[in-house]
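The values are calculated or read from the model by the stated rules, or taken from the named source; none is laboratory data. Predicted, not measured: the structure shown is a model, and the values here were computed from it. Virtual Cβ from ideal backbone geometry, glycine too; neighbours counted across all protein chains shown.
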Amino acid sequence: MNELFLLIIEIVGTIAFAISGIRLAAAKNFDWFGAYMVGLATAIGGGTVRDLLLNTTPFWMLNGWYLGVTGLSLLTVILLKRYLVKLNQTVFIFDTVGLALFVVIGIQKTLLFGFPMWVAIFMGTTTGALGGVLRDIFINEEPLIFRKDIYGTACIAGGIVYWAIALFSDSVILQQSACGITVILLRVLAVKYNWSIPILHNYSTNEKE
């Protein structure tokens, strides 16, 4: 049951992240191939780095459906571009869902490799956030995780909730669900109430005076 649940999460997360990347590439007038590569990097970038750090074969090299799902995501954007490209909230919705699901996947896979929870939280954050970093670099934007947005912080908070639930319940699905919901809620509430992380200012001598 848990393996099926993880597979569903992976499929939905891959689609969500791929569409978020492809949609942004479309807004930058990339061609189909360029948009596909941006979507693919968004979907598999974080998981690839995670697997390399775990000293295992990157997940997408063991199963070709990740490439196929990204292709279907591109087709979806092509067919529905009139709606997806014009909706300002489209990227946020798909990026938030993908972020939450990939944090869950990163934590679960790291725990399966026998690492402690603090490592799993780091790997979950890497899995969730790094694909977005690559996406933003490819489209020549400042990576979202480095801005004052609640992004990486939401991943860490989701991981902590996963850890807290694990202390009181053996239900892996409950742990995963609580983690994902936490990431989504934090991202949504941060946008709604304009929450942000304080900026580290570089004060000059004159400004201090």
Next item on the list: Out of I160, I145, report the one residue that is under 30 Å from F30 (Cα atoms), free of Cβ contacts under 8 Å to residues at least 60 places away in the same chain and among the hydrophobic types (A, V, I, L, M, F, W, C).
Entry: I145
Next item on the list: Residues being over 17 Å from G98 (Cβ atoms) and of a type in the set (A, V, I, L, M, F, W, C): count how many of those fall in segment 48-79.
Entry: 8
Notebook entry, point to check: Which fully enclosed helices (runs of 4 or more DSSP H) of segment 130-209 have 3 or more residues being buried (at least 19 other Cβ atoms within 10 Å of the Cβ) and in contact with a Pro (Cβ under 8 Å, 6 or more places away or on another chain)?
Noted result: none
Next item on the list: Pull up segment 82-97, narrow it to residues that are out of contact with any helix residue (DSSP H, G or I) (no Cβ under 9 Å at 6 or more places or on another chain) and either at pLDDT below 70 or hydrophobic (A, V, I, L, M, F, W, C) (or both), then point me to the one that is farthest from T42 (Cα to Cα).
Entry: K86
Notebook entry, point to check: What are the pairs, 6+ residues apart or on separate chains, where a residue within segment 111-126 that is free of Cβ contacts under 8 Å to residues at least 24 places away in the same chain and under 15 Å from I165 (Cα atoms) has its Cβ under 8 Å from a residue that is among the small types (G, A, S) and outside any loop (DSSP other than H, G, I, E, B)?
Noted result: L111/A120
Check: Of the residues that make up segment 18-26, is at least one more than 15 Å from the chain's Cα centre (by Cα), modelled with pLDDT of 90 or more and more than 20 Å from V183 (Cα to Cα)?
Finding: yes
